[in-house]
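The values are calculated or read from the model by the stated rules, or taken from the named source; none is laboratory data. Remember, predicted model here, so these are calculated numbers, not experimental data. In this analysis, Cβ positions are derived from the backbone assuming ideal geometry, glycine residues included, and neighbour counts consider all displayed protein chains.
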Amino acid sequence: MDLTSRQQLVEALIPVIRRAGALVRSLQKTGVAPNFKPDGSPVTRADLASHEILCAGCKALAAAIPIISEEDENSATQALKPLSFVIDPLDGTKEFVRGRDEFTINIALVENGHATAGLIYAPARERLFFSYGNGYVFEEAPDGQCRDLFNRIVTPRRPIVLVSRTHLDRQTEGLLSTLQPCTIRKLGSSLKFALIAAAEADAYVRLSPTMLWDCAAGLALVEAAGGTVLRTDGSPLLDEKRRTLRIDGFIAARTPQLAQRINTAQKLSL
Ligand SMILES: Nc1ncnc2c1ncn2[C@@H]1O[C@H](COP(=O)(O)O)[C@@H](OP(=O)(O)O)[C@H]1O
Ligand SMILES: [Mg+2]
């Protein structure tokens, strides 16, 4: 898809993702009881309602593009097509159920192994991020004003490293100790990627399993902002050959140099 078509598609998806976010937020206020999927992860009627809105929106705008969604029970076994939407209707469900505010709605466009466009919306924080190609990464304020996130100047600081709030494993803790001195912050959703794209954090390390729908929109944002996401073996998170959705771990960083440095530290910390 060319840049202009991608931009038009992403801009048309903004009201869709805002609609899903508004509904999810209102459901959180009324209280939602989780059910549990076979893998033990929670799902609520907010996840399912958001899935319906996002799927309807994607289909209305681009009916020919297949959709892979966390809340479609056939998705986990599906293979990536040359062109797919990859969506996570409610990321950070555990935090959502607990009344926290960092949960997100996620839409990515994946083309031939590249996450070429992404939208991440954290409705309870009123933060909406989107990208549609290298150098094209923005935050849209609730009043519609857009802030360009590309090439943000960062004053030298101790690296800010983000980790999962609830899936912090021993390996990641071991790696964090080798990265000291750094500032560690916990956050339970894909907002971690968006904060890297916005230069509000420097890296996100996760050495436990996750799925492409948890990462695809975040990958699009981080790469559009000039950052990198590497698998633990140092290969890119996605490439033309990868078709499966499972990801065993990754390092996302605001610059390729920092991603490489953390990847080297991770190998040494094993
Ligand atoms: N063992 C596992 N395998 C695959 N994905 C996992 C997993 N454990 C956690 N996840 C994913 O990690 C996400 C939470 O990560 P974090 O706490 O960093 O936000 C969850 O997203 P959902 O909330 O969308 O289900 C869940 O899908
Ligand atoms: Mg998720």
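The set of residues from the stretch 160-172 being away from ligand 2 (no atom under 16 Å from the Cβ), outside any helix (DSSP H, G or I) and touching a Leu at 6+ places or on another chain (Cβ under 7 Å) comprises V161, D169.
When the stretch 178-191 is limited to residues that are over 14 Å from A201 (Cα atoms) and more than 16 Å from ligand 2 (Cβ to nearest atom), the one that is surrounded by the most Cβ atoms within 10 Å (Cβ to Cβ) turns out to be L179.
Conditions tested, residue by residue: (1) surrounded by fewer than 20 Cβ atoms within 10 Å (Cβ to Cβ); (2) outside any helix (DSSP H, G or I); (3) assigned by TED's automatic domain parsing to the domain that holds L191; (4) at pLDDT 95 or above.
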| position | (1), (2), (3), (4) |
| --- | --- |
| L27 | yes, no, no, yes |
| G40 | yes, yes, no, no |
| A49 | yes, no, no, yes |
| A56 | yes, no, no, yes |
| K59 | yes, no, no, yes |
| F85 | no, yes, no, yes |
| D88 | no, yes, no, yes |
| D101 | yes, yes, no, yes |
| V110 | no, yes, no, yes |
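When the criteria are applied in full, E223 fails the requirement of being surrounded by fewer than 22 Cβ atoms within 10 Å (Cβ to Cβ) and of a type outside the set (S, T, N, Q). For the stretch 130-145, a residue qualifies if it is surrounded by 13 or more Cβ atoms within 10 Å (Cβ to Cβ) and either in contact with a strand residue (DSSP E or B) (Cβ under 6 Å, 6 or more places away or on another chain) or closer than 18 Å to R18 by Cβ (or both), and the qualifying residues are F130, S131, Y132, V137, F138, E139, E140.
Condition first: of a type in the set (S, T, Y) and within 20 Å of the chain's Cα centre (by Cα). Now tell me which residues in the stretch 230-270 satisfy that.
Those that are of a type in the set (S, T, Y) and within 20 Å of the chain's Cα centre (by Cα): T232, S235, T244, T255.
Just one of the listed residues (L221, L195, L175, L258) is part of a helix (DSSP H, G or I), in contact with a strand residue (DSSP E or B) (Cβ under 9 Å, 6 or more places away or on another chain) and within 16 Å of ligand 2 (Cβ to nearest atom), and it is L221. Exactly one residue among R18, R25, R45 is more than 15 Å from ligand 2 (Cβ to nearest atom), basic (K, R) and closer than 15 Å to L119 by Cα, and that residue is R18. Of everything in the stretch 61-77 that is more than 11 Å from W213 (Cβ to Cβ) and assigned to a loop (DSSP other than H, G, I, E, B), the residue that is nearest to ligand 1 (Cβ to nearest atom) is E73. For the stretch 125-147, the criterion of a residue being within 14 Å of ligand 2 (Cβ to nearest atom) and under 13 Å from the mean Cα position of the chain (by Cα) is satisfied by no position. With respect to the conditions (1) surrounded by 20 or more Cβ atoms within 10 Å (Cβ to Cβ); (2) over 19 Å from the mean Cα position of the chain (by Cα), T77 lacks only one, and its number is (1). Between T93, T116, T104, the distinction of being farther than 17 Å from A198 by Cβ, within 11 Å of ligand 1 (Cβ to nearest atom) and not charged (D, E, K, R) belongs to T93 only.
The set of residues in the stretch 112-145 being touching a residue at least 40 places away in the same chain (Cβ under 8 Å), in a loop (DSSP other than H, G, I, E, B) and either out of contact with any Lys or Arg (no Cβ under 7 Å at 6 or more places or on another chain) or closer than 12 Å to E11 by Cα (or both) consists of N112, N134, G135.
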